[in-house]
Amino acid sequence: MAGGGFDAPEVAQGKGNKHKKSKAAGVRIDMTPMVDVIMLLLTFFMLTTTLSAPQLMKVSLPKGDVKDKVKVDMGNVLYVRVSEKGNIYFAQGRSDGSESEMKKVEVKNIATELEKIYAVNNNLLLLLKFDRKMKYNVMSDVFDEISRAKIERRYAFLKMEDVDLQKIVAAGG
Amino acid sequence: MRKVREIKKPDIKIDMTPMVDVIMLLLTFFMLTATFRAAESEAVEVALPQSIYSDPDNKMRESDVMTLSLTKDGDIFVDVDNYKIREKIFGDQFAIGLYHPDSTSQSTVMQTGKAGDKEIKRKVVVMNKAQFDKVLVDLKNSLRSVTGNKQASFQVVVKGDKDVSYGVFEDLMASLHESDNKIFSLVTMIKSESKKE
């Protein structure tokens, strides 16, 4: 039973006697209550935590009054129209006030499309026109993509007019 | 003699130390990452949309937050996290403001007392457009008078249900613009990018 010397012969060879004594002291702390408490705390924290904290997307509305008119070069404008069904159409403005043919864009391609247009014209201004009956979800997706695109963010939310609705219907709704 | 001794001391001991170590580690992790949801901020529950983009320097503040929740029934709830301001504006410490922009329909909260599927336990103050616009301005002013800081302003966050129609949000934007709350944030849940590609 007194086999302490076998395991650790090189530690204290000359003082075999003392070594034996210290081993026999055997102070034991009962961990069970501590483990119980820790388990309780752990369960509490696991249940009350919300791991996926919500994130924020900043939106800035233009300064000044609603009635204030801002002059922009129509050649820098990109119309982003979203129909009730959630179809997204891009149309580039021209300096004479007209605009290019509407082009349907998938949500996941918005960022790359914007970067392409921005590479040509870095004064790009996005005019966002969303259908009132459209789902909020689509708006947040579009806005997410615009935020993700590596372009200078300049945008304005505009009201969907009847003209826009007609254009959308002509393009396929 | 020897045999008796052996039976007497079966002596099975399980070493708890590694388990305690692991549990301690987990506990520390959860304690550090915990963000508690204040019970009152859950007054209105909405299904938030998901987004990939996250603004590194735009985080939800701990206090002075104005929450505008859009439920899928088209109601806008306005709430602030300061009970003194709530008492001043709505006349009750636990009241919450409600504005239903669509004049052609009725707010379901008024009929059933529920927003979405959840019952509203707090006192609801119903407002029309003019009152809502006024409250948005009043809230800002009272924050300044309560805190004594003339520069203080709320962090305005919009929690829109992913199924609410965009029109409600457009009406809200008009009111925010008029009340000079020109910068606000949309609250979303994080979406992993891998799912999309």
In the range A:110-160, what residues are touching a residue at least 24 places away in the same chain (Cβ under 8 Å), more than 12 Å from chain B (Cβ to nearest Cβ) and acidic (D, E)? A:E115, A:E152
Within the range B:144-167, tally of residues that are of a type outside the set (K, R) and within 19 Å of the chain's Cα centre (by Cα): 10
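For (1) part of a strand (DSSP E or B); (2) more than 19 Å from A:N76 (Cβ to Cβ); (3) of a type in the set (F, W, Y), each residue gets a yes or a no:
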residue: A:I110; (1), (2), (3): no, no, no
residue: A:K116; (1), (2), (3): no, no, no
residue: A:A119; (1), (2), (3): no, no, no
residue: A:L127; (1), (2), (3): yes, no, no
residue: A:R132; (1), (2), (3): no, yes, no
residue: A:M139; (1), (2), (3): no, yes, no
residue: A:D144; (1), (2), (3): no, yes, no
residue: A:I151; (1), (2), (3): no, no, no
residue: A:F157; (1), (2), (3): yes, no, yes
When you go through A:G97, A:G75, A:G93, A:G173 one by one, which is the residue that is modelled with pLDDT of 85 or more and more than 14 Å from chain B (Cβ to nearest Cβ)? A:G93
Might you check whether a residue that is in contact (Cβ under 8 Å) with a residue 24 or more places away in the chain and in a strand (DSSP E or B) occurs anywhere in the range B:134-154? no
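Within the range B:168-177, is there a residue that is in a loop (DSSP other than H, G, I, E, B) and under 14 Å from B:S69 (Cα atoms)?
no
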Among what's in the range B:111-133 and is free of Cβ contacts under 8 Å to residues at least 40 places away in the same chain and more than 22 Å from the chain's Cα centre (by Cα), pick the residue that is surrounded by the most Cβ atoms within 10 Å (Cβ to Cβ). B:Q131
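The values are calculated or read from the model by the stated rules, or taken from the named source; none is laboratory data. Just so it is clear, the structure is predicted and the values come from calculations on it, not from any experiment. Cβ atoms come from the backbone with ideal geometry, glycine included; neighbour counts cover every protein chain shown.
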